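The values are calculated or read from the model by the stated rules, or taken from the named source; none is laboratory data. If you're wondering where the values come from, they're calculated on a predicted model, not measured in any experiment. Here the Cβ positions follow ideal geometry from the backbone for every residue, glycine too, while neighbour counts run over all protein chains shown. For the accessible areas, the whole protein counts, side chains as well, though only heavy atoms, and no ligand, DNA or RNA atoms are used. Shrake-Rupley method; radii C 1.70, N 1.55, O 1.52, S 1.80 Å.
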Amino acid sequence: MKHDLLNAPTRQVLTSMSIPTGLGILSILLFNITDTFFISLLGTDALTAISFTFPLTFIISSIIIGFGSGLSAALARLIGKGETDNLKSFVISALLLGLVTIAVLTTLGFWGSDPLFRLLGAEEKLLPLIHDYLNVWLIAIVFLVVPMMGNSALRATGNAKYPSYIMMGAGIVNVVLDPILIFGFGPIAPMGIQGAAVATLIAWAMSLVASLIMLHRSELIGWVNLTISGVLKTWRTVLRVGQAAAISQMINPLFNAIVMSMLASIDSKAVAAYGVGIRIESVMLIGVIALASSLMPFLAQNMGAGQVERAKSALLGSAKFSIISQFVLYVIIALLARPLAGLFSDDEAVIDYVVVFLYLVPFAYGALGMVIVVANALNAYNRPGASLLVNVARLFLLMLPMVWLGKELLGTNGVFAAIAIGNILMGGACYILATRITEGKSS
């Protein structure tokens with residue numbers, strides 16, 4: 001488990017882990033892009049409705065991602081230290097934490113979503129469409145807990161190949177089922193916006209089965225005798241990083257919800273465009289997210305083994321890669337902005353808003369990638385509080401006031417410009433932080 005991450009050349013290790021991880025993330029993002037594309041064919045109301053669900057669905061998904069980060073960081077350190085006797089108990093206990101938490105949150109989601117969507121500015125006519133999608137999605141997300149957290153456990157061992165297979169398989173299933181269930185095919189009646197959520201449920205259920213098989217073959221789960229004290233100890237260990245990582249993930253959709261509320265006061269079509277924009281953003285950041293996901297277990301294992309300089313070199317190299325790769329992607333996206341926007345809507349107003357978004361916001365994705373890399377690294381360095389602070393400062397202390405000012409001065413264009421400027425400023429600060437980072441206290 002330790003050899004590749006501790007001894008092989010750094011670039012080789014991170015590349016071999018990041019490529020399959022990136023392909024897997026791309027497959028998962030096909031859920032979002034495919035849903036958005038096919039739902040956009042149902043009309044602007046349907047596209048706007050699903051855009052309003054993003055903050056809530058992202059918040060719940062972010063908790064799973066955060067817990068996965070906590071599991072990955074803690075497991076990688078145990079492996080780096082050679083403490084591998086109780087890995088099965090550790091992984092199973094961590095998965096129980098995710099399942100219990102998501103079960104509670106989905107129950108709350110069923111009963112308390114209407115006030116949230118009204119607060120965000122959703123019109124009453126959109127609520128039935130929102131419920132058609134969300135009520136099925138809240139069931140589907142339960143099936144995603146084990147695949148998401150289990151994949152993080154596999155990556156902590158240096159195994160990025162199997163998690164990517166699982167995610168790619170789920171993405172393919174979703175792409176195939178989306179048009180069939182949304183528009184109908186043969187004996188299958190059209191389900192509209194709800195069909196997208198049903199396709200997601202089926203794909204995630206299949207990924208659950210695959211993930212359990214992979215975890216068992218990798219000897220990360222199996223029959224074990226759990227004790228309450230042991231489970232609680234694991235929860236505390238995972239939550240040390242996981243709770244900060246989850247909150248850090250959650251504040252992004254919270255920020256997006258506030259931005260959507262501001263845009264809704266200008267034009268509901270700007271909300272639809274912003275929903276499209278953040279979907280495209282997810283795809284553009286795949287490389288950086290994959291690298292950051294691979295970097296965290298790499299850093300954690302090497303820090304656990306006392307290889308501090310190897311860890312620091314990997315961090316700084318990853319930060320530089322983020323800037324270069326994202327600038328190249330920006331040039332491509334800027335050139336293709338209008339035809340790309342036209343894939344998601346035939347409404348000229350929505351297309352115009354998306355084009356402005358793509359001209360302005362992705363320009364700063366190199367800097368945003370720097371933030372993502374450093375925030376993940378801080379978790380590996382046992383500084384989850386600092387990681388959370390980076391994201392809170394970026395979104396709420398820096399960007400939110402700027403977005404409000406941009407809205408007041410320039411409307412929608414001002415909102416998009418403010419997001420870009422805020423990311424550039426925080427990216428510069430994070431690079432300075434990366435050069436000075438040291439390890440925090442171990443749990």
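Taking only the stretch 187-204 into account, find how many residues are open to solvent by 30 Å² or more (accessible area, probe 1.4 Å) and touching a residue at least 12 places away in the same chain (Cβ under 8 Å).
Counting residues in the stretch 187-204 that are open to solvent by 30 Å² or more (accessible area, probe 1.4 Å) and touching a residue at least 12 places away in the same chain (Cβ under 8 Å) gives 4.
Of the residues Gly242, Gly222, which single one is open to solvent by less than 80 Å² (accessible area, probe 1.4 Å) and assigned to a helix (DSSP H, G or I)? Even if it seems obvious, please write down each step before you answer.
Working: Gly222 fails: assigned to a helix (DSSP H, G or I).
Gly242 is the lone residue from the list that is open to solvent by less than 80 Å² (accessible area, probe 1.4 Å) and assigned to a helix (DSSP H, G or I).
Every residue, every condition in (1) closer than 20 Å to Val403 by Cα; (2) open to solvent by less than 40 Å² (accessible area, probe 1.4 Å), yes or no:
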{"site": "Ile247", "(1), (2)": "no, no"}
{"site": "Met262", "(1), (2)": "yes, yes"}
{"site": "Ser268", "(1), (2)": "yes, no"}
{"site": "Ala272", "(1), (2)": "yes, yes"}
{"site": "Leu295", "(1), (2)": "no, yes"}
{"site": "Leu315", "(1), (2)": "no, yes"}
{"site": "Ala319", "(1), (2)": "no, yes"}
{"site": "Ala334", "(1), (2)": "no, yes"}
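Within the set of pairs 6+ apart or on separate chains, which have a first residue in the stretch 224-237 that is more than 12 Å from Ala94 (Cβ to Cβ), a second that is open to solvent by 60 Å² or more (accessible area, probe 1.4 Å), and C-beta atoms under 8 Å apart?
These pairs meet every condition: Val224/Lys88.
Which ones in the stretch 336-381 are among the small types (Gly, Ala, Ser), in contact (Cβ under 8 Å) with a residue 40 or more places away in the chain, farther than 30 Å from Arg240 by Cα and open to solvent by less than 10 Å² (accessible area, probe 1.4 Å)? Reasoning before the result, please.
Quick first cut of the stretch 336-381, residues among the small types (Gly, Ala, Ser) only: 337, 341-342, 345, 349, 364, 366-367, 369, 375, 377, 380.
Pick out the ones that are also in contact (Cβ under 8 Å) with a residue 40 or more places away in the chain and you get 341, 345, 349, 364, 366-367, 369, 375, 377, 380.
In the following step, the residues that additionally are farther than 30 Å from Arg240 by Cα were identified as 341, 345, 349, 364.
Answer for the stretch 336-381, where residues must be among the small types (Gly, Ala, Ser), in contact (Cβ under 8 Å) with a residue 40 or more places away in the chain, farther than 30 Å from Arg240 by Cα and open to solvent by less than 10 Å² (accessible area, probe 1.4 Å): Ala341, Ala364.
Test each condition in (1) more than 30 Å from Ala156 (Cβ to Cβ); (2) out of contact with any Ser or Thr (no Cβ under 7 Å at 6 or more places or on another chain); (3) modelled with pLDDT of 90 or more for Ser261 and report the one that comes out false.
Every listed condition holds for Ser261 apart from (3).
Please determine whether any residue of the stretch 21-35 is assigned to a helix (DSSP H, G or I) and at pLDDT 80 or above. Full working, then the answer.
Our first condition is that a residue be assigned to a helix (DSSP H, G or I); within the stretch 21-35, this holds for 21-35.
Add one more test, that the residue is at pLDDT 80 or above, and what stays is none.
No.
Any idea how many residues of the stretch 272-297 are in contact with a Lys or Arg (Cβ under 9 Å, 6 or more places away or on another chain) and either modelled with pLDDT of 85 or more or not small (Gly, Ala, Ser) (or both)?
Taking the stretch 272-297 and keeping what is in contact with a Lys or Arg (Cβ under 9 Å, 6 or more places away or on another chain), we get 293-294, 296-297.
Checking the rest, the ones that are also either modelled with pLDDT of 85 or more or not small (Gly, Ala, Ser) (or both) come to 296-297.
Result for the stretch 272-297: 2.
Considering the stretch 345-387 alone, what residues qualify as being touching a Lys or Arg at 6+ places or on another chain (Cβ under 8 Å) and on the phi < 0 side of the Ramachandran plot? Don't jump to the end; show me each part of the working.
At the first step, the residues of the stretch 345-387 found to be touching a Lys or Arg at 6+ places or on another chain (Cβ under 8 Å) are 347, 349-351, 353, 355, 371, 382, 384.
Those that are touching a Lys or Arg at 6+ places or on another chain (Cβ under 8 Å) and on the phi < 0 side of the Ramachandran plot: Asp347, Ala349, Val350, Ile351, Tyr353, Val355, Val371, Pro384.
Here is a list: Ile50, Ile33, Ile60, Ile102. Which entry is under 24 Å from Ile221 (Cα atoms) and buried (at least 19 other Cβ atoms within 10 Å of the Cβ)? Don't jump to the end; show me each part of the working.
On the way: Ile50 fails: under 24 Å from Ile221 (Cα atoms); Ile33 fails: under 24 Å from Ile221 (Cα atoms); Ile60 fails: under 24 Å from Ile221 (Cα atoms).
Being under 24 Å from Ile221 (Cα atoms) and buried (at least 19 other Cβ atoms within 10 Å of the Cβ) holds for just one of Ile50, Ile33, Ile60, Ile102, which is Ile102.
From the list Ala203, Ala210, Ala244, exactly one residue is at pLDDT below 90, among the aliphatic types (A, V, I, L, M) and under 26 Å from the mean Cα position of the chain (by Cα). Which is it?
Working: Ala203 fails: at pLDDT below 90; Ala210 fails: at pLDDT below 90.
Every option except Ala244 fails the conditions.
Gly414 versus (1) touching a Leu at 6+ places or on another chain (Cβ under 8 Å); (2) closer than 20 Å to Ser318 by Cβ: which is the lone unmet condition?
Tallying (1) touching a Leu at 6+ places or on another chain (Cβ under 8 Å); (2) closer than 20 Å to Ser318 by Cβ, Gly414 fails exactly one: (2).
Give all pairs with beta carbons closer than 7 Å in which a residue from the stretch 275-298 that is under 19 Å from Val374 (Cα atoms) meets a residue that is aromatic (Phe, Trp, Tyr) and in a helix (DSSP H, G or I); count only pairs at least 6 apart in sequence or on separate chains.
Filtered contacts from the stretch 275-298: Met284/Tyr365; Leu285/Tyr365; Leu291/Phe321.
For the stretch 158-178, give me the residue count where each residue is surrounded by 23 or more Cβ atoms within 10 Å (Cβ to Cβ) and of a type in the set (S, T, N, Q).
Taking the stretch 158-178 as the starting set, the residues that turn out to be surrounded by 23 or more Cβ atoms within 10 Å (Cβ to Cβ) are 158, 160, 163-164, 166-167, 170-171, 174, 178.
Going one step further and asking which of them are of a type in the set (S, T, N, Q), we end up with 164, 174.
Matching residues across the stretch 158-178 total 2.
Scan (1) modelled with pLDDT of 85 or more; (2) surrounded by fewer than 20 Cβ atoms within 10 Å (Cβ to Cβ); (3) closer than 21 Å to Ser294 by Cβ for the single condition Ile139 breaks and write down its number.
Answer for Ile139: the failing condition is (3).
Any residue in the stretch 389-416 that's at pLDDT 95 or above: show its pairings with residues that are outside any helix (DSSP H, G or I) and surrounded by 15 or more Cβ atoms within 10 Å (Cβ to Cβ) at Cβ separation under 7 Å, as long as the two are six or more apart or on different chains.
Taking only residues 6 or more apart or on different chains, not a single pair turns up.
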